[in-house]
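Chemist: Questions regarding the structure given below will be posed in turn.
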Ligand code: MN
């Protein structure tokens with residue numbers, strides 16, 4: 001059997017390294033054709049030595065020049081142009097595990113080139129949903145979810161008629177501050193926010209999970225990916241993170257996907273779909289881990305980000321881009337210790353309040369709106 005070649009955008013991050021773990025353990029099935037990182041050059045070098053890719057992409061030109069000297073056989077690219085080249089390269093699958101808005105443009109170009117894309121980069125659909133899904137429809141390239149909830153929904157949809165779908169039940173762990181009041185949120189620290197109870201992830205998504213913005217972005221991601229109305233999506237807090245999401249059909253049947261929280265499972269499903277890759281990971285033990293599954297309503301009065309994500313999506317146009325752009329800026333400032341946790345949602349609220357929306361945007365317009373949202377957040381602080 002021919003090996004499946006994979007171009008990985010963001011190979012040193014949390015999803016990227018877990019994807020490489022799958023590739024390493026299935027050397028007859030997969031090979032990594034492209035690896036890429038921003039600035040974690042020493043980690044990238046270890047990956048180059050182990051996986052022998054044809055091409056690598058880094059953020060800065062100076063790093064690219066140094067790498068090209070050290071690895072003369074390797075094609076080395078850099079910057080956004082490099083990421084686009086990596087997305088367009090002749091391969092069997094692109095994995096987009098970039099963080100944030102900068103993942104959108106490479107996804108677009110990869111789809112245009114006819115490449116199937118497994119994407120962990122939810123901001124692509126939050127900001128560019130309309131354009132991206134239009135491109136999917138035009139090219140026939142597949143956009144496969146890596147996000148655990150969306151992979152769960154995608155799995156629950158297999159073999160069922162699309163028109164029978166009544167609603168999507170998107171589960172959320174609730175993050176480290178589940179049950180907190182607004183007053184309690186005033187005083188939480190960066191250290192507390194970085195401790196996710198169930199998943200080990202990159203720092204941006206970990207903060208988004210603590211503010212529930214991650215769930216808000218996922219609601220919008222699901223709306224586009226599964227072509228449903230935003231109000232067909234219900235968020236359910238499920239602290240054990242065993243039920244990864246569910247769908248309800250119009251006969252009242254609910255189908256859920258369950259498993260231990262391990263991102264390698266949804267990554268591998270995106271790689272092998274519609275097949276399943278055999279692994280030797282520990283099975284879910286129903287009598288211990290699944291013995292006490294609980295479900296509760298999210299508190300959208302305390303975690304306003306989730307409520308604002310629903311509202312931004314209902315209003316459409318540049319609202320979701322603005323929600324996402326201001327959030328990216330504010331999370332970065334919070335990670336740098338420059339603002340408080342509560343400032344994230346309070347500032348996004350102000351940015352959205354004063355936002356003058358634009359509609360029917362193309363990619364350039366989306367990029368502009370994203371920049372404007374970041375600036376608006378800074379101005380309002
Ligand atoms: Mn998720």
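Here, each number is a calculation from the coordinates, and none is a lab measurement. For clarity, every value in this text was computed on a predicted model and none was experimentally measured. Note that we place each Cβ from the backbone using ideal geometry, even for glycine, and neighbour counts take in every protein chain shown.
Chemist: At 0.36 nm per residue, and after removing the present C-alpha to C-alpha distance, how many nm does the segment from residue 229 to residue 381 gain when stretched out fully?
Modeler: 51.4 nm
Chemist: Could you calculate the FRET efficiency of residue 17 with residue 358 from 1/(1 + (r/R0)^6), where r is the beta carbon distance between them and R0 is 41 Å, rounded to 0.05?
Modeler: Numbers: r = 38 Å, r/R0 = 0.92.
With a Förster radius of 41 Å, E is 0.60.
Chemist: Here is a follow-up. Under a 10 Å cutoff between Cα atoms, tell me which one of 30, 359, 269 has the largest fluctuation in the Gaussian network model of the chain.
Modeler: In the Gaussian network model the winner is 359.
Chemist: Also: I'd like the FRET efficiency for residue 278 and residue 49, computed as 1/(1 + (r/R0)^6) with the beta carbon distance as r and R0 of 35 Å, rounded to 0.05.
Modeler: It comes out at approximately 0.80.
Chemist: Using a 10 angstrom cutoff on alpha carbons, build the Gaussian network for the chain and name the most mobile of 277, 225, 212.
Modeler: Largest GNM mean-square fluctuation: 277.
Chemist: Taking only C-alpha pairs under 8 Å that are 6+ residues apart, what is the relative contact order of the range 4-146 in percent?
Modeler: Answer for the range 4-146 is 21 percent.
Chemist: Given R₀ = 51 Å, FRET efficiency for residue 164-residue 39 by Cβ-Cβ distance, to 0.05?
Modeler: So, using R0 = 51 Å, E works out to roughly 0.60.
Chemist: Given a 10 angstrom Cα cut-off, can you work out which residue in 290, 256, 66 is the most mobile in a GNM of the chain?
Modeler: Highest fluctuation among the options: 66.
Chemist: Among 1, 263, what is the fewest-to-most ranking by other Cβ atoms within 10 Å?
Modeler: Least to most surrounded, the residues fall as 1, 263.
Chemist: Viscosity 1.567 mPa s, temperature 4 °C: Stokes-Einstein D of the chain from its Kirkwood Cα radius, in µm² per second?
Modeler: After rounding, the answer is 61 µm²/s.
Chemist: Also, quick follow-up: Calculate the spin-label point distance for residue 25 paired with residue 137, positioning each point 7 Å from the Cα along the beta-carbon direction, and give it in nanometres.
Modeler: Going by the 7 Å Cα→Cβ label model, 3.9 nm.
Chemist: Note down the nm distance, to one decimal, between modelled labels 7 Å out along Cα→Cβ at residue 294 and at residue 61.
Modeler: Placing both labels 7 Å beyond Cα along the Cβ direction yields 5.7 nm.
Chemist: Okay, helix-only estimate at 222 nm for the chain: each DSSP H run of n ≥ 4 adds -39500 (n - 2.57), divide by all residues, round to 500 deg cm²/dmol; what do you get?
Modeler: Computed mean residue ellipticity for the chain: -14500 deg cm²/dmol.
Chemist: Could you please state, rounded to a whole Å, how far the C-alpha centre of the range 161-230 is from the C-alpha centre of the range 249-289?
Modeler: Spelled out, the Cα-based centre of one part sits 19 Å from the other.
Chemist: Which value in nm describes the separation of the simple spin-label points at residue 350 and residue 262, placed 7 Å from the Cα toward the beta carbon?
Modeler: About 4.6 nm separates the two model spin labels.
Chemist: Determine, for 109, 238, 150, the number of other Cβ atoms within 10 Å of each Cβ, and report the residues in order from fewest to most. Could the numbers behind the result be given before it?
Modeler: Working: 109 20, 238 23, 150 26.
Taking fewest neighbouring Cβ atoms as first place, the list is 109, 238, 150.
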